[in-house]
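Trainee: The structure that follows is given in the form of structure tokens.
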Amino acid sequence: MAKVAVIQYPGSNCDLDALEILRDIVKAKADLVWHKELDHDDYDAYVLPGGFSYGDYLRAGAIAATSPSLKIVRNAAEGGKPILGICNGFQILVEAGLLPGAVLRNGTLRFACTSTKLRVETTRTPFTSKAKKGQVLEIPIAHNEGRYYLDKEKIPELERTQQIVFRYVSEEAEPTEQANPNGSIDNIAGICNQKGNVMGLMPHPERASLAMLSPDSQTDGRIIFDSMMRTLRGLEV
Amino acid sequence: MTPGSYVVEVIVENKPLARDPEGEAIHQNLILKGGYKQVTSVRAAKLLRMNVEANSPEDARAIVRKLSDDLRIYNPAAHTIQVRIVG
């Protein structure tokens with residue numbers, strides 16, 4: 001059976017939520033692994049959870065990006081294994097250079113804690129394969145540094161290579177300025193690497209996967225974990 | 001130049017095209033409101049001050065420049081840095 005590691009960094013605080021969803025909701029075999037103890041690529045997929053690793057000092061994710069665990073994650077990424085970074089996990093993947101760009105302080109200068117609507121821009125990743133292109137998911141955000149940045153002239157290339165996975169959108173599924181909670185360039189909420197197996201997003205799918213705990217009792221976040229499990233189970237066949 | 005301890009500063013700033021909402025807020029809500037209309041813009045940045053043992057100020061600066069690149073003290077996708085000797 002495929003095994004997933006949730007990597008715990010000093011300051012992770014959404015690690016147990018992700019673990020719970022993986023184990024109890026999507027029925028994965030999942031371990032919580034302290035980042036310094038991840039010394040072999042023994043897992044089939046890796047989740048870098050949300051939180052405030054190393055107190056967000058220097059920059060969110062910058063210090064965790066030098067953790068030895070990232071060597072394992074980098075190898076796994078090169079081998080095509082699914083790697084998911086949520087919120088601080090996304091920031092770590094960006095700072096480690098596994099995903100392009102930077103994640104800067106919110107344009108509003110406020111901690112953004114709200115429900116957002118995300119449009120699925122590509123279904124080619126192992127995390128969106130069960131979604132439909134253009135489908136809108138309602139998933140909450142909770143961050144102070146979530147403004148995705150890449151030089152404007154590089155965005156068309158990111159679009160062409162289908163690396164933009166989610167955009168913040170309005171009720172009408174349009175990427176409007178009002179729907180953009182943090183000033184991210186082009187309303188980008190989540191991206192993947194060129195191969196598509198490494199994905200990071202600022203919203204928290206693990207907080208919208210269990211009706212009892214999620215806003216409006218909806219479970220839109222599950223599709224990300226369900227997609228990942230389908231990919232992993234497909235590999236077993 | 002003599003070996004010794006040098007003070008080197010690294011300033012990490014958003015690239016000119018990456019908005020700096022903190023600098024904008026300081027400019028709009030403090031400096032302009034306070035009547036200093038001569039100030040036309042503000043950029044906020046992060047400053048790291050390091051004491052470095054080196055053979056010369058140039059060496060100290062080169063060490064800090066190298067570590068800034070190697071350890072990603074800045075994210076080149078969004079930031080620029082200045083490295084300067086201050087003592």
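Trainee: Please determine, by comparing only the residues of the range A:23-53 that are assigned to a helix (DSSP H, G or I), farther than 19 Å from A:Leu210 by Cα and open to solvent by less than 70 Å² (accessible area, probe 1.4 Å), which one is farthest from the other protein chains (Cβ to nearest Cβ).
Mentor: Filtering first and then ranking leaves A:His35.
Trainee: In this structure, does A:Leu98 turn out to be within 14 Å of chain B (Cβ to nearest Cβ) and either open to solvent by 10 Å² or more (accessible area, probe 1.4 Å) or not acidic (Asp, Glu) (or both)?
Mentor: When the stated conditions are applied, A:Leu98 passes them.
This table checks each residue for (1) open to solvent by 80 Å² or more (accessible area, probe 1.4 Å); (2) more than 12 Å from chain A (Cβ to nearest Cβ); (3) of a type in the set (Lys, Arg).
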{"site": "B:Pro16", "(1), (2), (3)": "yes, no, no"}
{"site": "B:Gly23", "(1), (2), (3)": "no, no, no"}
{"site": "B:Leu32", "(1), (2), (3)": "no, yes, no"}
{"site": "B:Thr40", "(1), (2), (3)": "yes, yes, no"}
{"site": "B:Asp59", "(1), (2), (3)": "no, yes, no"}
{"site": "B:Lys66", "(1), (2), (3)": "yes, yes, yes"}
{"site": "B:Asp70", "(1), (2), (3)": "yes, no, no"}
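Trainee: In this structure, does A:Ile63 turn out to be in contact with a helix residue (DSSP H, G or I) (Cβ under 7 Å, 6 or more places away or on another chain) and buried (at least 23 other Cβ atoms within 10 Å of the Cβ)?
Mentor: no
Trainee: State which residue pairs qualify: first residue without any contact (Cβ under 8 Å) to a residue 12 or more places away in the chain and inside the range A:86-114, second residue surrounded by fewer than 24 Cβ atoms within 10 Å (Cβ to Cβ) and in a helix (DSSP H, G or I) in any location, beta carbons under 7 Å apart, and separation of 6 or more residues or different chains.
Mentor: So the pair list comes out as A:Leu109/B:Pro21; A:Leu109/B:Glu22; A:Leu109/B:Ala25.
Trainee: Scan (1) surrounded by 22 or more Cβ atoms within 10 Å (Cβ to Cβ); (2) without any contact (Cβ under 8 Å) to a residue 12 or more places away in the chain; (3) hydrophobic (A, V, I, L, M, F, W, C) for the single condition A:Ile223 breaks and write down its number.
Mentor: (2)
The values are calculated or read from the model by the stated rules, or taken from the named source; none is laboratory data. The model shown is predicted, which means the values in this text are computed figures rather than measured ones. Glycine also receives a Cβ, built like all others from the backbone with ideal geometry; neighbour counts cover every protein chain displayed. We work out accessible area using only protein heavy atoms, side chains counted, and drop any ligands, DNA or RNA first. Shrake-Rupley method; radii C 1.70, N 1.55, O 1.52, S 1.80 Å.
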